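Visitor: One structure follows; several queries about it will come next.
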Amino acid sequence: MPARLDIDHELIQKAQRGDTHAFGDLYESHAPVIFRYLFAHLDSRMDAEDLTGEVFLKAWQSLPKYTERGIPFLAFLFRIARNVLVDHYRQSNRLESKSPDELDGYKEEGNPEPAETIGNQMEHQKILRVLTTLRPDYQSVLTLRFISELSPEETAQVMKRSVGAIRVLQHRALTALRQEIEKTG
Amino acid sequence: MNIEHRIDKILEIYLPAIKNGQETIDSIIEKYPKYANALRPRLEAVLWLLNAKKNFEPRQGFVSSSRQYMEQQFETIRPHGFWQRVFSRYTPQRWVFNFTAPVIVILLLALVINSAILTARLSIPGDPFYSTKLRIEDIQVALTFNQIHKTDLYIEFSRERTTEFVELVLEGDYELLTPAATRLETEIIASLRSISDIPSQNQAVEQPKILQLRDTLTNEILMLNMLKDTSPNTAYPGIELAIQVAQSGLMALR
């Protein structure tokens, strides 16, 4: 973890001086985590990819006012991601289901076969259905801790709560999730 | 250490091993039989999440292929400095609006206040704005620090009270005449006091002021007497009181 923070620190300083390549490195190391977080809240892979890009563009624009003393870079990215998600929800006003036509986009990009894509999509929808039945804060804590693999400290910074509160929340969220899994079979 | 913290620690320790398949739920519970009841459902939920995580991974090559595109975007959208942020947030139209809106509000406020003051100045006893008129006069006196100017103000207010008195008689509001005469008396007393407060070395100014008040009171008595002759009997007591007040003022001047 400290090694990652040191690398981030160096890259951030370069990026703040206008080095787009350094920010590209930050993008490459953090985009998967951000993507996972976003995709765990959305039912469209394309939306999650678009929003991942949007998060990094916003982070790039906000970079001059970012100070590492405040929050670690990853927590900074997650806060932007949360805001981007909220904006997205506001715009779409609901979780939209994508039609098979929209899934065709992946085929053109040389991605998995349609049958496999649809299979993954269905599995994703099933997981999402379970997760979205949970309270929003339960959903957030579980997504951040186990899907994006943030530490309790990082999760606390993203959710603006104490580490102790995050532990209690996670404890309850896991119980709620277990009950929900049982219910849905 | 509370149970939440303990279970969180266990999860942190065994999470990599669960992921790698080196540990199972049962093997972990065997190590912590004391926490079995609390640990099992949570471990099952964690395992479900770890399996679900595979579905949330970005498609292969997405990050590396999108990186180039993102870097091009970063190049075109440079980070905004403070002033850039301020100016990008406020368009010229917004600046114009920000400037004109307060000016318009101030102008409207000035207009409303001005109209209220004008209405108050034209009011007579019994009007809703009359108390405002008296407050404005008090403020005028309070803000006048020169004794001579203050005396001028009191004499002017005395004239104003007489004018109001005449208007009340003409409008037939006889029940308001007595309080109006009392107010006239207050102004005459204030004028007399103000004249006596003019410094004694300033005789050249004091005498004209005495003459000015005398003329005013004489005119007021004349006017009130004329009014008495043309008014109904019901107005007599009020008018009589006002004449007495003015005459007392004249006597005090002598």
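Visitor: I'd like the full set of residues that are buried (at least 22 other Cβ atoms within 10 Å of the Cβ), over 15 Å from B:ASN55 (Cα atoms) and of a type in the set (Ser, Thr, Tyr), limited to the range A:148-167.
Guide: Within the range A:148-167, A:THR155 is the sole residue that qualifies.
Visitor: Further, regarding this structure: If you scan the range A:134-147, which residues turn out to be crowded, with 24+ Cβ neighbours inside 10 Å and more than 8 Å from chain B (Cβ to nearest Cβ)?
Guide: Correct list: A:VAL141, A:THR143, A:LEU144, A:ARG145.
Visitor: Hand me the list of helices (runs of 4 or more DSSP H) wholly inside the range B:1-80 holding 1 or more residues that are more than 7 Å from chain A (Cβ to nearest Cβ) and in contact (Cβ under 8 Å) with a residue 12 or more places away in the chain.
Guide: Qualifying helices (runs of 4 or more DSSP H): B:3-20, B:25-31, B:36-53.
Visitor: Going by the conditions given, is A:LYS65 modelled with pLDDT under 85 and within 14 Å of chain B (Cβ to nearest Cβ)?
Guide: So A:LYS65 fits the description; yes.
Visitor: Can you find a residue in the range A:56-74 that is under 23 Å from A:THR143 (Cβ atoms) and of a type in the set (Lys, Arg)?
Guide: Taking every residue of the range A:56-74 in turn, at least one turns out to be under 23 Å from A:THR143 (Cβ atoms) and of a type in the set (Lys, Arg).
Visitor: Output the residues belonging to the range A:69-98 that are at pLDDT below 85 and in a helix (DSSP H, G or I).
Guide: A:GLN91, A:SER92
Visitor: Look at B:LEU153 and say whether it is in a helix (DSSP H, G or I), in contact (Cβ under 8 Å) with a residue 12 or more places away in the chain and either at positive phi or in contact with a Leu (Cβ under 9 Å, 6 or more places away or on another chain) (or both). Reasoning before the result, please.
Guide: Details: in a helix (DSSP H, G or I): yes; in contact (Cβ under 8 Å) with a residue 12 or more places away in the chain: yes; either at positive phi or in contact with a Leu (Cβ under 9 Å, 6 or more places away or on another chain) (or both): no.
For B:LEU153, the condition - in a helix (DSSP H, G or I), in contact (Cβ under 8 Å) with a residue 12 or more places away in the chain and either at positive phi or in contact with a Leu (Cβ under 9 Å, 6 or more places away or on another chain) (or both) - is not met.
Visitor: State all residues of the range A:157-185 that are of a type in the set (A, V, I, L, M, F, W, C) and without any contact (Cβ under 8 Å) to a residue 24 or more places away in the chain; if no residue qualifies, say none.
Guide: Of all residues in the range A:157-185, those of a type in the set (A, V, I, L, M, F, W, C) come to A:158-159, A:163, A:165-166, A:168-169, A:173-174, A:176-177, A:181.
If the condition is that a residue be of a type in the set (A, V, I, L, M, F, W, C) and without any contact (Cβ under 8 Å) to a residue 24 or more places away in the chain, then A:MET159, A:VAL163, A:ALA165, A:VAL168 are the ones that fit.
Visitor: Name every residue in the range A:1-45 that is basic (Lys, Arg) and either more than 9 Å from every other protein chain (Cβ to nearest Cβ) or over 27 Å from A:VAL141 (Cβ atoms) (or both), in order of residue number.
Guide: A:ARG4, A:LYS14, A:ARG17
Visitor: Now a separate question. Tell me, which residue of the range A:17-34 that is buried (at least 19 other Cβ atoms within 10 Å of the Cβ) and closer than 14 Å to A:LEU150 by Cβ is farthest from the chain's Cα centre (by Cα)?
Guide: Here the answer is A:HIS30.
Visitor: Given the structure, is B:SER158 touching a helix residue (DSSP H, G or I) at 6+ places or on another chain (Cβ under 6 Å) and not in a helix (DSSP H, G or I)?
Guide: It is false that B:SER158 is touching a helix residue (DSSP H, G or I) at 6+ places or on another chain (Cβ under 6 Å) and not in a helix (DSSP H, G or I).
Visitor: Search the range A:40-51 for residues being touching a residue at least 24 places away in the same chain (Cβ under 8 Å) and in a helix (DSSP H, G or I), and hand back the single one that is surrounded by the most Cβ atoms within 10 Å (Cβ to Cβ).
Guide: A:ARG45
Visitor: Still on this structure, please answer the following. Is one or more of the residues making up the range B:203-213 surrounded by 20 or more Cβ atoms within 10 Å (Cβ to Cβ) and either among the polar types (S, T, N, Q) or under 23 Å from B:LYS150 (Cβ atoms) (or both)?
Guide: Yes, that holds for at least one residue.
Visitor: With respect to B:ARG89, determine if the residue is modelled with pLDDT under 90 and exposed (fewer than 10 other Cβ atoms within 10 Å of the Cβ).
Guide: Yes: the conditions hold for B:ARG89.
The values are calculated or read from the model by the stated rules, or taken from the named source; none is laboratory data. Just so it is clear, the structure is predicted and the values come from calculations on it, not from any experiment. When we count neighbours, we look across all protein chains shown, and the Cβ atoms used for this are built from the backbone with ideal geometry, even at glycine.
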